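Participant: First the structure, which I've put down as structure tokens, then a few questions once you've had a look.
Derivation of every value follows stated rules applied to the coordinates shown; laboratory data play no part. Computed from a prediction, not measured in an experiment: that's the story for all the values here. Methodologically, a virtual Cβ is constructed for each residue, glycine included, from the backbone with ideal geometry; neighbour enumeration extends over all protein chains shown.
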Amino acid sequence: MKQTLNIGLVGYGFMGRTHSNAFRQAPRFFDVPYEPVLKAVCARNADRVTSFASNWGYESIETDWRALVDRKDIDLIDIASPNDTHADIASAAARGGKMVMCEKPLGRNAGEAEKMVTAVESARVPNSVWYNYRRVPAVTLLKHLIDEGRLGRIFHYRAQFLQDWTISKDLPQGGEGLWRLDAAVAGSGVTGDLLAHCIDTALWLNGSIADVTATTETFIKERKHTLTGRVEPVGIDDASAFLGRFQNGSLALFEATRYARGHKALYTLEINGEHASAHWDLHDLHRLQWFDHRDEGQLRGWRSVHITDGDHPYMKHWWVPGLQIGYEHTFIHQFAEFLQAAAQGKALAPTFRDALATDYVTDAVLKSAKSGRWESVAMAQQAGAA
Ligand SMILES: NC(=O)c1ccc[n+]([C@@H]2O[C@H](COP(=O)([O-])OP(=O)(O)OC[C@H]3O[C@@H](n4cnc5c(N)ncnc54)[C@H](O)[C@@H]3O)[C@@H](O)[C@H]2O)c1
């Protein structure tokens, strides 16, 4: 019999569902050392959280995260609630000796994230942040190819995350479903929300970013606030773009916006090296576009690798070659690996400390957008996560 691991989830929204699915699926498809138990789910509305609990099979509910964190029968606190709740919940959970998984961005700013790192590291509890795109099989394969040196010296890394859902000036800010438009809750706009994903993947694939020069724009300056009913200034960035330099000498070009009409969640990245280039696109997430200059001349060209074979990362755990997987699987991969690492006393990247590195970059981006100057990025010391 496997040891049970009792999970307490905070938040039943978008991420609450992806995580609950991961808790259910990971032990069915991966050899994990624990049997996860969906012990309790917490959110403020008792009726809605009860209905969520019954749909997913949680044994109990809480309406105050403090009560959840205080429970002796919970081993792991998983934070899938808005950004302004992350620091208090994670710190209290760590103090209580619980494992902590937290949604991104880690903190609303690096100062908040630093305190969270201190909390989990001084309590020595397993911790991880759900930067799930690292575990798209095509992206993981790209990491292997880069680490093998197949691209040679890297010259360029560029990434974009494009959406269009806030273009209407009639959209209010704040409250349920719209907390991302409220700077007090979200910390920042697309910089912490979308660009953070691009930055986390980039730091993992191509190493630290040394400095940045950025610009941000808030296209709609005032919106009605759902909670106060008043028209209030908008404090978030609607669009954010930066140019930067990686420590390895390559150049960075990043852009995120919620004003790119027609794009719903278009995350793309490209890396150009001396020998080879690779391109990945979230809308075609099971493919890696690959160009190798060392290929035979007449047939040299971009190839589209369908990532479904058993020797591709993660794919032996799924169906048969030729059949692809999707977005939800990235969370299953991360949770399965978190359990494996925790049982062996190992850290699982991205740890809180790894995620702090992203907050340092987003802080520098926002600082540069204000100052109009190049800004250097603070460095998070590496904690040696797997
Ligand atoms: N990894 C990813 O790709 C990804 C994608 C989307 C969101 N996120 C992150 O996940 C987090 C949640 O985002 P979401 O899209 O699921 O939001 P959401 O609005 O869909 O859900 C938020 C949930 O938190 C609950 N909640 C709010 N305040 C609470 C409180 N004080 N106590 C308990 N519960 C509370 C709400 O009731 C709701 O159930 C955010 O930090 C966001 O940045 C990550």
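Participant: Once the piece of chain linking residue 121 and residue 274 is laid out straight, how much longer is it, given 0.36 nm per residue of separation minus the C-alpha distance between them?
Facilitator: Extra length available between residue 121 and residue 274 comes to 51.2 nm.
Participant: Further question on the same structure: To the nearest 500 deg cm²/dmol, what mean residue ellipticity at 222 nm is calculated for the chain from DSSP H runs of n ≥ 4 alone, each contributing -39,500 (n - 2.57), summed and divided by the residues?
Facilitator: For the chain, the value works out to -10000 deg cm²/dmol.
Participant: Could you pull out every one of the lysines with an alpha carbon less than 17 Å from that of residue 169, ignoring same-chain neighbours closer than 8 positions?
Facilitator: By straight Cα distance, residue 169 reaches 221, 224.
Participant: Something else about it: Summing +1 for each Lys or Arg and -1 for each Asp or Glu, what net charge is found among the other residues whose Cβ lies under 14 Å from the Cβ of residue 367?
Facilitator: -3
Participant: Would you kindly derive the ³J(HN,Hα) couplings of the range 264-273 from the backbone phi angles with the Karplus curve 6.51 cos²θ - 1.76 cosθ + 1.60 (θ = phi - 60°), listing them in order in whole Hz, with x for Gly and Pro?
Facilitator: With coefficients 6.51, -1.76 and 1.60, one gets 9, 7, 9, 9, 10, 9, 9, 10, 10, x Hz.
Participant: Provide the per-residue ³J(HN,Hα) series for the range 314-319, in order, calculated from phi with Karplus coefficients 6.51, -1.76, 1.60 and θ = phi - 60°, each as a whole number of Hz, with x at glycine and proline positions.
Facilitator: Per residue, the Karplus-derived 3J(HN,Hα) values read 6, 6, 5, 7, 9, 8 Hz.
Participant: Name the shape class, rounded, prolate or oblate, that the alpha-carbon gyration tensor gives for the chain, where a ≥ b ≥ c are the square roots of its eigenvalues, rounded holds for a/c under 1.5, and otherwise prolate holds if a/b is larger than b/c and oblate otherwise.
Facilitator: Oblate, because a/c is 1.5 or more while a/b does not exceed b/c.
Participant: Using the Cβ atoms and a cut-off under 10 Å, what net charge is assigned to the surroundings of residue 174, where Lys and Arg are +1 and Asp and Glu are -1?
Facilitator: Every neighbour counted, the sum reads 0.
Participant: Using DSSP to call loops (not H, G, I, E or B), can you name the trypsin sites (Lys or Arg not before Pro) in the range 214-288 whose Cβ has at most 15 other Cβ atoms within 10 angstrom?
Facilitator: Those satisfying the criteria are 221, 230, 261, 264.
Participant: Related question: For Cα pairs less than 8 Å apart in space and 6+ apart in sequence, what is the mean separation divided by the residue count of the chain, i.e. the relative contact order in percent?
Facilitator: That works out to 19 percent.
Participant: Full extension from residue 73 to residue 153: what is 0.36 nm times the residue separation minus their Cα-Cα distance, to one decimal in nm?
Facilitator: Once the chain is fully extended between residue 73 and residue 153, it gains 23.7 nm.
Participant: Would you work out the relative contact order for the range 3-132, in percent, from Cα pairs under 8 angstrom that are 6 or more residues apart?
Facilitator: 23
Participant: DSSP loop (so not H, G, I, E, B), at most 16 other Cβ within 10 Å: list which GluC sites (Glu not before Pro) in the range 157-235 pass both filters.
Facilitator: 176
Participant: Describe numerically, in nm with one decimal, the distance between label points set 7 Å from Cα along Cα→Cβ at residue 218 and at residue 14.
Facilitator: So the label points at residue 218 and residue 14 sit 2.1 nm apart.
Participant: Counting other C-beta atoms within 10 Å, which of 374, 290, 280, 319 has the fewest, and how do the rest follow?
Facilitator: Going from sparsest to densest Cβ surroundings: 319, 374, 290, 280.
Participant: How many angstrom separate the Cα center of the range 226-294 from the Cα center of the range 113-172?
Facilitator: A separation of 11 Å, based on Cα centres.
Participant: Moving on to the next point. Short version: ³J(HN,Hα) in whole Hz for each residue of the range 3-12, in order, from phi by Karplus 6.51 cos²θ - 1.76 cosθ + 1.60 (θ = phi - 60°), x for Gly and Pro, what are they?
Facilitator: Here the 3J(HN,Hα) series is 5, 7, 10, 8, 9, x, 9, 10, x, 10 Hz.
Participant: Another one. Considering the chain as a Gaussian network with a 10 Å cut-off on Cα pairs, which listed residue, 116, 99, 315, attains the greatest mean-square fluctuation?
Facilitator: The residue with the greatest mean-square fluctuation here is 315.
Participant: FRET efficiency for residue 88 and residue 295, Cβ-Cβ distance as r, R0 = 51 Å, nearest 0.05?
Facilitator: Efficiency at R0 = 51 Å is approximately 0.45.
Participant: Sticking with this one: Relative contact order for the range 210-358: what is it in percent, counting Cα pairs under 8 Å that are at least 6 residues apart?
Facilitator: Relative contact order comes out at 11 percent.
Participant: Which order do the peptides 351-360, 294-303 take when ranked by the mean count of other beta-carbon atoms within 10 Å per residue, highest first?
Facilitator: Peptide ranking by packing, descending: 351-360, 294-303.
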